[in-house]
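Asks: Below is a structure I'd like to ask you about.
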Amino acid sequence: MSAGQLPVAAPSGTWPMFRAMVGVGLACGLIIVSAYLGTKPRIEHNRAEALAAAIYDVLPGAVSSATFRWQESGGFAPLRVEAAGEARVYAGYDTDGRLVGVAIEAAGMGYQDVIHVLWGYSVTEEAVVGLKVLESRETPGLGDRIEHDPAFLENFRRLDVSLTDDGQALRHDVAAVKHGTKSNPWEIDSITGATISSKAIGSLLGASASAWAPRIRSGHESLEVKP
Amino acid sequence: MSGHSTPSTTDEFLKGLWRENPVFVQVLGMCPTLAVTNTARNALAMGLATLFVLVSSNLVVSALRRFIPKEVRIATFILVIATFVTVVDYVIQAISLDLHKALGAFIALIVVNCVILGRAEAFASKNGIRASVADGLGMGLGFAFALMCLGVVREILGSGTLFGFPVLPGRFQEWVMMILPSGGFFTLAGWLLLFNWRRQRNAVREEAS
């Protein structure tokens with residue numbers, strides 16, 4: 001170093017940088033996996049409780065419920081042992097044991113992340129009769145209004161998802177429309193300032209209804225009696 | 001260093017609580033301060049989550065300070081902070097899904113809370129473990145205290161409750177604005193006014209004496 005130059009710390013070699021990043025990365029991975037495994041049973045228990053409560057929220061009049069899985073051969077069968085990834089629905093029954101409706105889980109991409117919802121389906125009305133957001137990371141103050149905005153949730157008190165005569169598809173596509181322009185029972189009145197989140201709900205609900213409503217129409221006899 | 005006394009561990013702890021409070025003095029971490037203090041419960045939970053991340057990251061960064069080359073220090077600090085935020089995220093979900101839902105995206109956003117990276121870079125990477133933990137505890141408790149100051153005022157005036165229990169007479173008309181974002185700004189402004197007024201008054205008194 002020549003006279004007059006300020007002392008400069010020598011640059012670190014490749015190995016120390018590599019060692020630090022990989023070492024810290026491995027340790028962090030271990031901590032995250034341990035935390036995940038340690039909290040998983042409790043989180044699953046909490047989610048199951050929240051789901052059970054949500055079933056009664058989206059199916060007004062239901063006092064008990066049973067879980068069913070869709071069989072590839074057609075019809076529903078009671079699901080007694082929980083299996084991950086199994087397509088399932090939750091049938092809700094009134095005090096006399098009559099089928100009130102079916103609660104269905106659905107998910108779709110929102111503005112920030114995947115939005116998970118539970119929606120209630122009335123077999124007799126062929127309509128959505130309730131919706132509850134189970135999980136979302138939408139923008140606080142804007143997109144997250146899909147969870148609790150009373151006017152928005154009013155859309156799902158009776159949203160038409162009726163089927164065509166052959167029972168294979170929805171008669172009308174579920175669509176989120178600009179706030180204040182809803183004119184049909186299958187449209188969702190969006191929230192101003194949360195258009196993308198509102199559309200995401202419309203889109204995931206439409207996809208889920210298209211998949212489940214035909215199955216429920218064809219196999220609803222197996223859901224009528226509480227197992 | 002000659003002529004410069006080294007602060008004690010107690011000093012490191014106490015400075016964050018009051019003299020260098022991250023919210024009221026340094027005005028850092030404004031995003032959660034304004035966003036999740038609409039109830040005392042949310043404010044307390046966010047304060048405790050940040051406290052945990054701050055203490056843990058300070059501890060790890062201080063312990064590894066000689067092992068981490070300066071070129072990769074910020075990336076490594078963020079990795080450490082993000083790890084503890086993920087742990088906190090799981091723990092909050094295990095405690096209460098409702099609380100997790102109420103705090104929403106702000107749990108993940110603890111990663112970018114400048115109080116945490118600021119303390120890791122400015123303090124923990126240059127000091128021993130004991131002093132760094134004391135610094136993290138002081139700053140974390142100071143942050144939690146500030147959030148509680150806002151949360152308590154906003155919940156009482158905005159909902160008439162404190163931790164969900166009614167504290168104001170039934171005839172009290174809630175100031176709904178206080179639990180909305182604008183209420184956060186007004187409340188923060190009120191507390192900053194109070195803090196600055198006290199500091200100026202104390203400075204004048206010290207000068208006079």
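Asks: Would you pull out the residues with amide H under 5 Å of residue B:37's amide H, same chain only if 5 or more places away, H placed 1.01 Å from N?
Replies: Result for residue B:37 returns nothing.
Asks: Another question, if that's okay. Mind listing which trypsin sites (Lys or Arg not before Pro) in the range B:50-99 are in a DSSP loop and have 14 or fewer other Cβ atoms within 10 Å? If you can, show how the numbers build up before the last one.
Replies: Working: sites: B:65, B:66, B:70, B:73; in loops: B:65, B:66.
Counting only loop positions with at most 14 other Cβ atoms within 10 Å, the trypsin sites (Lys or Arg not before Pro) in the range B:50-99 are B:66.
Asks: Based on other C-beta atoms within 10 Å, arrange B:197, A:212, B:18, B:191 from fewest to most. Don't jump to the answer; show the numbers that get you there.
Replies: Working: B:197 10, A:212 20, B:18 13, B:191 16.
Arranged by neighbour count, lowest to highest, B:197, A:212, B:18, B:191 become B:197, B:18, B:191, A:212.
Asks: Just from its helices, what would the mean residue ellipticity at 222 nm be for chain B, if runs of 4 or more DSSP H residues each count -39500 (n - 2.57) and the sum is divided by every residue, rounded to the nearest 500 deg cm²/dmol? Walk me through the numbers on the way to the answer.
Replies: On the way: 9 runs with 138 residues, N = 209.
Calculated mean residue ellipticity at 222 nm is -21500 deg cm²/dmol.
Asks: If you wrap a convex hull around the C-alpha atoms of the range A:62-143 and split its volume per residue, what is the figure in Å³? Each step should come with its number before you reach the end.
Replies: Values: hull volume 10.9 nm³, N = 82.
About 133 Å³ per residue, rounded to a whole number.
Asks: Another question, then. Mind pulling the angle between the C-alpha long axis of helix A:195-219 and the longest principal axis of chain A? Nearest 10 degrees, somewhere in 0 to 90.
Replies: Long axis of A:195-219 versus the principal axis of chain A: about 50 degrees.
Asks: So, in nm, how far is label residue B:148 from label residue B:74 when the simple model puts each one 7 Å beyond its Cα toward the Cβ?
Replies: Each label point lies 7 Å from its Cα, and together they span 3.5 nm.
Asks: Around residue B:131, with a cut-off of 12 angstrom between Cβ atoms, what is the net charge of the other residues, counting Lys and Arg +1 and Asp and Glu -1? The partial results should precede the final answer.
Replies: On the way: positive: B:15, B:65, B:119, B:126, B:130; negative: B:11, B:12, B:135.
Combined, the nearby Lys, Arg, Asp and Glu give +2.
Asks: Then there's this: Compute the Cα gyration tensor for chain B, then decide on rounded, prolate or oblate, letting a ≥ b ≥ c be the square roots of its eigenvalues: rounded whenever a/c is under 1.5, prolate when a/b is larger than b/c in the other cases, and oblate in all that remain.
Replies: Details: a/c = 2.58, a/b = 1.30, b/c = 1.98.
Note, shape of chain B comes out oblate.
Asks: On to the next question. Only Cα pairs under 8 Å and at least 6 apart count here; give the relative contact order of chain A as a rounded whole percent.
Replies: Values: 383 pairs, mean separation 37.4, N = 227.
Relative contact order comes out at 16 percent.
Asks: Sorted from fewest to most neighbouring beta carbons within 10 Å, what does the list A:181, A:139 look like?
Replies: A:181, A:139
Asks: Next up: Per residue, how big is the convex hull around the C-alpha atoms of the protein assembly as shown? Give it to me in cubic angstrom, could you? Please report the intermediate quantities before stating the final value.
Replies: On the way: hull volume 97.0 nm³, N = 436.
Measuring per residue, one finds 222 Å³ for the Cα hull of the protein assembly as shown.
Asks: Pairs of alpha-carbon atoms within less than 8 angstrom and 6+ residues apart define the contacts here; what relative contact order does the range B:47-157 have, in percent? Walk me through the numbers before you get to the answer.
Replies: Numbers: 112 pairs, mean separation 55.2, N = 111.
With pairs under 8 Å counted, the relative contact order is 50 percent.
Asks: Rounded to the nearest 0.05, what FRET efficiency do residue A:165 and residue A:18 have when you use their Cβ-Cβ distance and R0 = 45 Å? Each step should come with its number before you reach the end.
Replies: Working: r = 66 Å, r/R0 = 1.47.
Here the calculated transfer efficiency is 0.10.
Asks: Give me a comma-separated list of calculated 3J(HN,Hα) values for the range A:34-43, in order, Karplus coefficients 6.51, -1.76, 1.60 applied at θ = phi - 60°, integers in Hz, x for any Gly or Pro.
Replies: 4, 5, 4, 5, x, 9, 4, x, 5, 5
Asks: With only Lys, Arg, Asp and Glu charged, each at its Cβ (+1 for the first two, -1 for the last two), find how big the charge dipole of the protein assembly as shown is about the Cα centre; round to the nearest 20 debye. Show your work: numbers first, answer last.
Replies: On the way: 37 positive and 38 negative charges, 350 e Å.
It comes to approximately 1680 debye.
Asks: For chain B, take the longest principal axis of its alpha carbons; what is the angle in degrees between that and the long axis of helix B:73-95, to the nearest 10 within 0 to 90?
Replies: Once rounded, the angle reads 40 degrees.
Asks: Could you grab the relative contact order for chain B? Cα pairs under 8 Å, six or more apart, rounded to a whole percent.
Replies: Numbers: 283 pairs, mean separation 71.5, N = 209.
So the answer I get is 34 percent.
Taken together, the values in this text are just the output of simple stated rules run on the coordinates, not laboratory data. A quick note: this is a predicted structure, and the numbers were derived from the prediction, not measured. With ideal geometry, Cβ positions are generated from the backbone for all residues, glycine too; neighbour counts draw on all protein chains shown.
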